[in-house]
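Note sheet for the following structure.
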Amino acid sequence: MEKRKTGHREASLRLPDARIKEGILSLEGMRFHAFHGCFEKEQTEGGEFLVDLRLRCGTAACIQSDALEDTVDLQEVYRAVRDEMAVPSRLIEHAAARILDAVCALPGVLGAKVKLSKCNPPLEGPCQASSVTLCR
């Protein structure tokens with residue numbers, strides 16, 4: 001059994017159950033200033049948006065190896081979301097679908113669920129957010 005120094009004591013490492021083949025990785029509360037909306041003010045001044053993302057990933061290799069290169073690169077995922085949020089859309093459904101397409105094209109991603117929320121949408125009364133959730 002391998003031993004690893006953890007700072008205070010040595011910990012014995014055992015390999016996790018090899019039957020675990022998939023897992024869910026999440027990035028929650030990604031905040032962006034973006035220009036999504038149908039109204040002129042939304043297109044010129046923009047607004048605040050939140051993105052929550054759940055990725056279905058193959059995890060067999062990283063669970064066994066404990067190596068960063070065997071898992072989904074969350075920096076790459078964040079950059080994909082950021083890049084899609086930078087492209088103006090009239091509808092949040094359109095922007096969310098582009099995010100889904102971009103992250104599902106990344107290595108190791110088997111599927112995804114994205115929730116895109118527009119903070120303080122321009123309605124006739126108070127509303128914290130409007131959102132759409134899409135899955136693949």
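Since every read-out is calculated from the coordinates, none of them should be taken as a lab result. Owing to the predicted nature of the structure, the values given are computational and were not obtained by experimental measurement. Note: ideal-geometry Cβ built from the backbone for every residue, glycine included; neighbour counts use all protein chains shown.
Using the crude model of +1 on Lys and Arg Cβ and -1 on Asp and Glu Cβ, and no other charge, please compute the dipole size for the chain relative to its Cα centre, in debye to 20.
Here the size comes out at about 480 debye.
Does the chain come out rounded, prolate or oblate by the C-alpha gyration tensor, with a ≥ b ≥ c the root eigenvalues, rounded set by a/c under 1.5 and, if not, prolate when a/b is larger than b/c and oblate if not?
Prolate, because a/c is 1.5 or more and a/b exceeds b/c.
Near Lys118, which aspartates and glutamates are there with a Cα under 19 Å away, not counting those fewer than 8 places off in the same chain?
By straight Cα distance, Lys118 reaches Glu28, Glu40, Glu42, Glu45, Glu48, Asp52, Asp83, Glu84, Glu93.
Rounded to the nearest 500 deg cm²/dmol, what is the calculated helix-only ellipticity per residue at 222 nm for the chain, with -39500 (n - 2.57) per DSSP H run of length n ≥ 4?
It lands at -7500 deg cm²/dmol.
To the nearest 10 degrees, how steeply does helix 92-104 sit against the main Cα axis of the chain, on a 0 to 90 scale?
Approximately 20 degrees, to the nearest ten.
Test of understanding: in a Gaussian network model of the chain with alpha carbons linked when under 10 Å, which of Ser65, Ser26, Ser89 would top the mean-square fluctuation ranking?
Ranking Ser65, Ser26, Ser89 by mean-square fluctuation puts Ser65 first.
Which angle between 0 and 90 degrees, to the nearest 10, do you get for helix 74-85 versus the longest principal axis of the chain when only C-alpha atoms count?
The answer is roughly 10 degrees.
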